[in-house]
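The values are calculated or read from the model by the stated rules, or taken from the named source; none is laboratory data. None of the values given here were measured: they were computed from a predicted structure. All Cβ positions, glycine included, derive from the backbone under ideal geometry; neighbour counts span all protein chains shown. We work out accessible area using only protein heavy atoms, side chains counted, and drop any ligands, DNA or RNA first. Shrake-Rupley method; radii C 1.70, N 1.55, O 1.52, S 1.80 Å.
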Amino acid sequence: VQLQASGGGLVQAGGSLRLSCVGSGIITSSRSMAWYRQARGKERELVARIFTTGTTDYADSVKGRFTISRDNAKNTVYLQMDNLKPDDTAVYYCRADSSPRAATIYWGQGTQVTVSS
């Protein structure tokens, strides 16, 4: 099983990025999928989650700016990030949550997002 995250980079405040997380060896549509981030010196925190029903949930700090979505045909989950702020600077990780049929949680390798002021 592998989750390949990509799309990070350097962007100015107010700019946008779209992160992608492609699953291999796993059917992402069968699980809730999430994006987490970890800033230097801080704990990893949940950014957004999309459930198998399509329902989404966001951290208060990103509500109205970030959008999580999935393309089941591509086995891919996205995180559209708009109006980025310097506080959004972190390594972003995608995660496949456990499911009733599969207890193992999987993490992607992380992609760096840097927002300059």
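Of all residues in segment 56-81, those that are more than 21 Å from GLY9 (Cα to Cα) have Cβ atoms under 6 Å from Cβ atoms of residues that are outside any strand (DSSP E or B), 6 or more apart or on another chain, in ASN72/SER29; ASN75/THR28. In segment 25-50, the residue that is farthest from ILE68 (Cα to Cα) out of those that are modelled with pLDDT of 95 or more and over 15 Å from the mean Cα position of the chain (by Cα) is GLY41. Against the conditions (1) more than 15 Å from LEU17 (Cα to Cα); (2) of a type in the set (Gly, Ala, Ser); (3) open to solvent by less than 20 Å² (accessible area, probe 1.4 Å), ALA59 satisfies every one except (3). Within the option set VAL91, VAL113, VAL11, being surrounded by 15 or more Cβ atoms within 10 Å (Cβ to Cβ) and under 11 Å from the mean Cα position of the chain (by Cα) holds for one residue only, VAL91.
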